[in-house]
Every structure is written in structure tokens, then in C-alpha cells.
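The values are calculated or read from the model by the stated rules, or taken from the named source; none is laboratory data. What you see is a predicted model; the values in this text were computed from it and never measured. Cβ coordinates were reconstructed from backbone atoms using ideal geometry, including for glycine residues, and neighbour counts include every protein chain displayed.
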Amino acid sequence: MVSRSLTVGAAVREVKPVRYVVRRFGALLVTCWVALTVNFALPRLMPGNPVETMFSRYQGKVSPTAISAMELDFGLNTKTGELGQYFDYLGHTLTGNLGVSFSYFPSHVGTLIGQAIPWTLGLIGFATILAFLLGTTLGMVAAWRRGTAGWRRASLVDSALVPFGLMLGALPSYWIALILLYFIAFKFGWFPIGGGLNPGAGIASWSGVASLIHHAALPAVTLTFISMGMWILLMRNNMLTVLGDDYVKFARAKGLRDRTVAYHYAARNAILPVFSQLALALGFVVGGQVFIEIVFSYPGIGYLLLQAVENEDYPLMQGIFLILTVTLLVASFLADVLYVFLDPRIRMESAK
Amino acid sequence: MNWRALLHNRRAVAGALIFALFCLLALLAPVIVPYSPTDINFTPLLHPSARHLLGTTVNGQDILSQLIWGARASLFVGLVCGALISLVQLIMGVFAGYVGGVFDTVAAAVTNVFLVLPSLPLLIILAAYLQGGGLLMLVGVITITGWAWGAKVLRSQAIALRDRPFVQAARVTGESRWHIVFAHVVPNMLGIIVSNFFGATLFAVLAEAGLEFIGLGNINDITWGTMLYWAQEGDAILLGAWVWLLVPGLCLALLGTSLGLLNFAVDEIANPRLRRD
């Protein structure tokens, strides 16, 4: 872990939070543009013309106007040059037109993604908050026991928690999902074995909400479980780094209670870098989410992505990839903005 | 980097032992499998017994033989991807960071583009376009998606080393760039490079199995990922064939944990603040 410390006497100045946010926003726009461009280029770079094969497969099943519109988006049978196609694509995408899905014809890609995304966001939001709280607490305890072991007994907690955290990070999410599905949902029948809601239930009623929670429970537990390991390890390592700092030693030497030093001195500073890795962590969580939705047939983006892949529905696949990328970019931008208000050191830069 | 410290680090020793065990299993697979992993002539869905220690699949294959054989694919993809990813990171991270200039600017921009793209969805999409490619296709897409984060970390380390006196001295004596990178820069960040190698291998093992689990890759290869794919396709859950579901994932988790332990232990030894006193 890299610790940011200010060298005493070095010329530093504070960047106004607003300026920092504007700068980050500029970076967000650039990265979004990059993501759009990659999304445009991907199908065109693939060897063996998989897109052409798809079009011939759907010939007759999808209306000719939709086919020719999508051919334009994928750069087939068109007289427009690559550059013209690129600007057309940018125009379409920015106005929210992601094209038509072939496997769910005549639904629009945007509509399908719009229906799936609340499920995914709900699950990821809940599991990430829970995993963050549990993981950072465990990591803090492990580091505190380890860091102060010299004064007391050797730390069993730390010796057990590190391999545990590593194991959680190495578990295939779909496998955990399958095992829970088999034992808890199928064998014991405590939870439904798939879907997001009871058929016909709306979420406007209490029974609908209960059904929602009932269906989300196992996927959420699985996701929390596999993403917790990363937080345990990150927090533990940061906390150990902070515990080596002089101000913590001083606080201990002053005779402050352990609890005060741990929570008010060390943990507060250790948690900030953990927070800054939220963006990286979210990438990992989204990966786990995709598999978990597939196993539990949960009606979110990951399950939709599998449908798109299995049906070779490239417009839908591209749309999902784009939305996932942009959502992650926006999330990490928001985390950055929040971070700059939480940690004044980020606003400091050396004056030139 | 004090390599002997690894011998005294319990996590490193445990990780290395488990990892070595799987390597042995993979190497000796042709000798120790009780039956051919592709043989489909056994009674389907047998429970574990003396003749079939882990039972048979719904397609009449011996689960233990498939499990032992599966270690080969995971280790092959893991180690090849780990090596390739490390190589890309050396060029895009260490070398670029050291030489600076236009090459570094371009390399850093490319790295940032790859960092932006969520790796698992990108993997799925690439594999979907290149369907049916088998293990080599998987090696390719995993390498493309897995190198960026490590390259960024290595680049910042290389930049930090660039202006250290011993590197400057080597420059003054007229050593070539590649020589300086390999003889002076790399040895001083070997801990991070090795730790990254294990991290990349772990990523590759999980990615390969994950892609095969959803049927991307060659479903006729015998790997832990395809075992889980067929278990899912063959309704192992409804048939109560839980051993079939349990063991491939357990092996993945064990191999993954061993790689995680090695990654963590090397990082711990290379980073003095995390070291045990």
C-alpha cells in the first residue's frame, strides 16, 4: 500500500474541491468517450466475421428494416465510410438509441437493459455496503490484534482471517451460488431456486416485497460473501501501515485506551485508501454478480448478458457492455468526488 | 527482497505446498487416473464407491478421473497467462516507466483504457465473438483483459527507481536500456513482479473456469470449468448429484487460495511495513 504523507516544509497548496471535481469530471467524459470508441471498434476488429454470421442467422426472423438499421451500426453492407459510421454511432448512442435486440425482437436494447438494471443495482448496492462494513471491521480487528501483538499475545485472529480473506477472494462465485442453491434452496426448500419475484406478484404490496426479499436473499448472501475477502485484506494491510506511524505510537505511549487508539486514530486514516479502491472493487463485484445472476436466473444485467451471448444477439451484448462500463465509470467518479471531501490530503499538490 | 524469508513465512509455505500438489497431480495425471476421463461407458450417476471414488456423472464418466485431468487445463491456462501477463506488464509497465517519453505516454494511455473496461464482461464478449476456440483462445482473451492493473503498479515503481543513484550510475557507464531494466530495475522490484505473477495466475485460473462454466470455450475439453458446465446442463442439482457439483469448485477454490497465499506472502515480504517482526 502506498501511503500518502506530506513532507514537512515542502511547498504544497490546496486545490479547491470544486476545481478537483471539475477536473475529475473532465476525466470521466474522456474515459466515457474511450469506452464508446472501444465498443464501436470491438465487433469490427473480430476475426472471422462473427457479426455477418449472426445477421444471416437472423435473416427472416427479424424485420428487414431492423436488419438494415443494425447492419449500419455494425458496419456491414453500407457505403458510409468507417468515420461516417463512427459519427452515426456516437449520435445514436448519445441520444439513447442502442438499437434493436435480435433475440427479443422487436424490443429495443435500451428497454431490455432498463428493465434489468434495477435488479442488478439493488443486489450490488446492498451486497457491497454489507460486505464493506463486515470486511473492513474484520480487517481492522485483524490488523489491530497483529499490530499490537508485541505487547500482548500472538494474534490467532490475524492468522485465521488472512487465509480466510484470501480464500473468499479465490472462490468461484458461481460455485458458491450452485452449492447454496442445491443445499439451501433445493434440498431444504427455504428459498426459491430462481427468478426475482413470484409470478404475478407486484412490488406494490407487502407480499410482493416479501417475495422480492425472499428471491434476493441467496444471491445477495453469495455476493456479500465473495466480495468481503477483498475488503478484509485491504483494510488489514492499510491499518497495519497506519499502526506503524508515529502518531499511533505516540497515542499509545500517552496511555490512551486501545479502543480509542484503534477507532479514533488508526481506523479513520486506514479506511480512506480502502475507500479509494472502491472503483477497482466494483469491477470485481460486477464480475461475481454476472455469474451469480446466471446461476440463480436472477432477472438482472448478468442474466441478460448470458441470454445475449447464447443467442449470439450482438446488439444486445454490445449494449450491455457499454452500459456496464459507463455505470462503473460514473460510480468511480462519484467515489472520487466523495473521497476528495473526506480526505483533505488529496486536495494538496506540490506548487510548481 | 529476502527470498529466504519465504521459508519462514507460514502462508508462503502452505501456498507453495498446495500449489506443488496440484502441479504434481497435473503432471502425473496420465499415470494416476483410474479410468480415461473421456470414457462414457460407466453406469451414470453412481454414488461414490470403491470402484468410483467420487461416483460418475449423468453421462457415465468417472468424476475422479475428470477431476485429476482438469488440473492440467487450469494450471496450463493459469501459468501461461501468468507468464504472458507478466511479460506484457514488464514492457508496458516497467520498461515504459523507465524509458519515459513518447513510448511511456502511449503505454500509459493504453493501460488506462484497459483499466476502464470491466474485465469480466469484456472477457465474456471477446470469448463470445471468438466462440469455440478452446484453451488457446481463452489464454489470448484472458491475457488481453488481465494485464492493466499490474502494469500501472509496476510503472509507478519503475519511475520511482529511475532516478535512484545506482540506476543513474549504470546509465552513465553507457549500459543499454534493456540491460539496465533487466539488470538493475527489475531485480529491485522482483518482489512486486513475482507477487503480481501469482495474482495474474489466480485471475487466469478463475477466468478460464468461469468462461467455461457458461459454455464459452470448448465444452468438450476436460477442465474444472466444463465439469461444472456439464453438471449445470445435466441438472446435477435436480438429480441430487452433489459430489459432481462440489469437487471441481473445491479444487478451484484450493488452487486459487494457494495462489492467493503466495501472492500475499511475497507482497508481505517485499513490503517492510507488513512484515512480521
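Summary of computed values
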{"read-out": "In the range A:40-71, residue nearest to the other protein chains (Cβ to nearest Cβ) [restricted to those that are in contact with a Phe, Trp or Tyr (Cβ under 6 Å, 6 or more places away or on another chain) and over 13 Å from A:Asp313 (Cβ atoms)]", "value": "A:Met46"}
{"read-out": "Residue tally, condition farther than 26 Å from B:Gly191 by Cβ and not in a helix (DSSP H, G or I), over the range B:117-151", "value": "6"}
{"read-out": "Enumerated helices (runs of 4 or more DSSP H) restricted to the range B:1-100, each holding at least 2 residues that are closer than 30 Å to B:Arg164 by Cα and out of contact with any Gly (no Cβ under 7 Å at 6 or more places or on another chain)", "value": "B:63-89, B:96-99"}
{"read-out": "Answer residue from the range A:156-170, given it is closer than 20 Å to B:Leu246 by Cα and touching a Phe, Trp or Tyr at 6+ places or on another chain (Cβ under 8 Å) and is farthest from the other protein chains (Cβ to nearest Cβ) among those", "value": "A:Leu168"}
{"read-out": "Top-ranked residue in the range B:185-213 [being of a type outside the set (A, V, I, L, M, F, W, C) and over 19 Å from B:Gly260 (Cβ atoms); ranked as nearest to the other protein chains (Cβ to nearest Cβ)]", "value": "B:Glu212"}
{"read-out": "All positions within the range A:77-109 that are among the small types (Gly, Ala, Ser) and farther than 30 Å from A:His214 by Cβ", "value": "A:Gly81, A:Gly84, A:Gly91, A:Gly96, A:Gly99"}
{"read-out": "Residue that is among the charged types (D, E, K, R) and modelled with pLDDT under 75, where the choices are A:Glu82, A:Glu71", "value": "A:Glu71"}
{"read-out": "Residues that are more than 13 Å from chain A (Cβ to nearest Cβ) and either aromatic (Phe, Trp, Tyr) or surrounded by 16 or more Cβ atoms within 10 Å (Cβ to Cβ) (or both), drawn from the range B:156-169", "value": "B:Ala158, B:Leu161, B:Arg162, B:Phe166, B:Val167"}
{"read-out": "Pairs where the first residue, in the range A:314-342, is more than 9 Å from chain B (Cβ to nearest Cβ) and surrounded by 22 or more Cβ atoms within 10 Å (Cβ to Cβ) and the second is outside any helix (DSSP H, G or I) and aliphatic (A, V, I, L, M), C-beta under 7 Å, 6+ apart", "value": "A:Pro315/A:Val100; A:Gly319/A:Leu98"}
{"read-out": "Condition met for B:Phe203 (part of a helix (DSSP H, G or I) and closer than 30 Å to A:Val295 by Cα)", "value": "yes"}
{"read-out": "Looking only at the range A:300-310, and only at residues there that are of a type outside the set (Phe, Trp, Tyr) and more than 10 Å from chain B (Cβ to nearest Cβ), the one that is nearest to A:Thr120 (Cα to Cα)", "value": "A:Gly300"}
{"read-out": "Selection from the range B:228-277 of residues that are surrounded by fewer than 18 Cβ atoms within 10 Å (Cβ to Cβ) and assigned to a loop (DSSP other than H, G, I, E, B)", "value": "B:Gly234, B:Asp235, B:Gly240, B:Asn271, B:Arg275, B:Arg276, B:Asp277"}
{"read-out": "Residue check for B:Leu87: of a type outside the set (Gly, Ala, Ser), surrounded by 23 or more Cβ atoms within 10 Å (Cβ to Cβ) and at pLDDT 90 or above", "value": "no"}
{"read-out": "One residue from A:Pro199, A:Pro192 being over 25 Å from the mean Cα position of the chain (by Cα) and within 15 Å of A:Glu293 (Cβ to Cβ)", "value": "A:Pro192"}
{"read-out": "Residue count, the range B:1-37 (criterion: of a type in the set (Val, Ile, Thr), at pLDDT below 90 and surrounded by 12 or more Cβ atoms within 10 Å (Cβ to Cβ))", "value": "2"}
{"read-out": "Selection status of A:Leu28, more than 14 Å from A:Tyr314 (Cα to Cα), at pLDDT 75 or above and surrounded by 15 or more Cβ atoms within 10 Å (Cβ to Cβ)", "value": "yes"}
{"read-out": "Flag for B:Val116 being of a type outside the set (Phe, Trp, Tyr) and within 22 Å of B:Ile214 (Cβ to Cβ)", "value": "no"}
{"read-out": "Residue in the range B:54-62 that is out of contact with any strand residue (DSSP E or B) (no Cβ under 9 Å at 6 or more places or on another chain) and buried (at least 17 other Cβ atoms within 10 Å of the Cβ) present", "value": "yes"}
{"read-out": "Residue within the range B:214-227 that is out of contact with any Ser or Thr (no Cβ under 9 Å at 6 or more places or on another chain), assigned to a loop (DSSP other than H, G, I, E, B) and facing chain A (nearest Cβ under 10 Å) present", "value": "yes"}
